[in-house]
Each structure stands twice: as C-alpha cells, then as structure tokens.
Amino acid sequence: MSSERYHQHFTISWDQLHRDVRQLCHQLVERDFKGIVAITRGGLIPAALIARELNIRLIDTVCIKSYDHMDQGGLDIMKGVDHDGDGWLLVDDLVDTGKTARAVREMLPKAHFVTMYAKPEGRPLVDQYLTEVAQQCWIQFPWDMGIAYVEPLADQLKK
Ligand SMILES: O=P(O)(O)OC[C@H]1O[C@H](OP(=O)(O)OP(=O)(O)O)[C@H](O)[C@@H]1O
Ligand code: HPA
Ligand SMILES: [Mg+2]
C-alpha cells in the first residue's frame, strides 16, 4: 500500500509523547506485569518510558518491519518470543491497518496489548490505546524529525 492514502500529518513532539505515555500509564499502574515486550522499532521508545513509570526492568522485543517510510510492504519478522504473552505488557507506538498487530497478537495471544495511538482499522486489535487518529493521517513521530530554521514570513513573501 502506498503513501497516497495519507492526506494529513499529525505531528507529535517529544513533550507530547512523554505526556501521552504518562497518561496511558495511569490506566496501567494498578496491574502487575511480568515484563514488557516492545515491538521494534517504534514500540521501543514508549516501552522505555512505560518501564520507567511502572518500574519494570524486564524488557523483551518482537522484531518486525512492515513499512519503508510511508509505503507498506510484506511483514518481515526477525525475532519472536518463546511464550504466549500471559502476564506481559505488549507495546507498540501505533496501530494503523492492524497488519503488524494481527501478526504479533498471533504470537502473543495472552499479552495485554497497548499502543499510544490507534487508527480505526487497527483499533479493534489492541486492548488499550491513548489517542485515536484518523485513518488518512500520517503520524509524524519526534524521532523522525529535527529542529530546523524557518524563514520569517515577511522574507518568504519577498521571494
Ligand atoms: O498497523 P500497521 O499498518 O501494521 O502499522 C503499524 C506499524 O507500522 C510501524 O512500524 P514499521 O513497520 O514502520 O517499523 P518501525 O517500527 O521500525 O518504524 C509502526 O511502528 C507499527 O509497528
Ligand atoms: O502514521 C504512521 N506514522 C508512522 N509510522 C507508521 N507506520 C504505519 N503508520 C504510521
Ligand atoms: Mg513498528
């Protein structure tokens, strides 16, 4: 599937992400998880922040790739885990079409699956998420951006 389906951008700053993680953690803190399974690479960042909030030290990964920037390809699973997820918290940054989530759910059917952001197609596949984002929106994460100089409007208009 190609990038043409994305008509808008939803930009998330480091600050916003950190606040969102903390808000999601308020809903998780009463539970007692054996550990976290992070879905690489996007899940690693929220997983580290969640681990800090919930005081979890045991962190494993499922290593999987589906997108080349905005273009979706086949699923490439490079590493799984040797349990069914019972008692574990499974973390990804977002669920979009749900293709990644479906594959990981099959590997870890008993895990409690959370994402920070969820689009409607993938939403039913996770147990919890913080913010819903429209299907046609590309979520722009802070680790994919940089700080850049922006020319004053008056100078831009002179050109
Ligand atoms: O619901 P889907 O349509 O499957 O899309 C969601 C997945 O796509 C992205 O990962 P990606 O494969 O781009 O790899 P990355 O985490 O290394 O960026 C994102 O981190 C999710 O894991
Ligand atoms: O909206 C998105 N943003 C970043 N990565 C993604 N991978 C699938 N969808 C997205
Ligand atoms: Mg990912």
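Here, each number is a calculation from the coordinates, and none is a lab measurement. Being a predicted model, the structure only gives us computed values, none of them experimental. Here the Cβ is made from the backbone with ideal geometry for all residues, glycine too, and neighbour counts use every protein chain on show.
Assorted remarks:
- Using a simple spin-label model with pseudo-atoms 7 Å out from Cα toward Cβ, Cys137 and His69 lie 2.2 nm apart.
- In summary, the lysines within cross-link reach of Lys119, defined as a Cα separation below 24 angstrom excluding same-chain residues under 8 places away, comprise Lys65, Lys99, Lys110.
- Within-15-Å neighbourhood charge of Leu89 [Cβ basis; K, R +1; D, E -1]: -3
- Distances between placed amide hydrogens fall under 5 Å for Val95 paired with Tyr117, Ala118, Lys119, all partners being 5 or more residues away or on another chain.
- Translational diffusion of the chain, µm² s⁻¹ [Kirkwood Rh, Cα pairs; Stokes-Einstein; 37 °C; 0.692 mPa s]: 198
- Per residue, the chain reaches -7000 deg cm²/dmol at 222 nm when only DSSP H runs of four or more residues are counted, each adding -39500 (n - 2.57).
- Pairwise label distance in nanometres, Ala48 with Arg102, each label 7 Å out on the Cα-Cβ vector: 3.2
- Approximate spin-label separation Ile147-Asp86, in nm, with each point projected 7 Å along Cα-to-Cβ: 4.9
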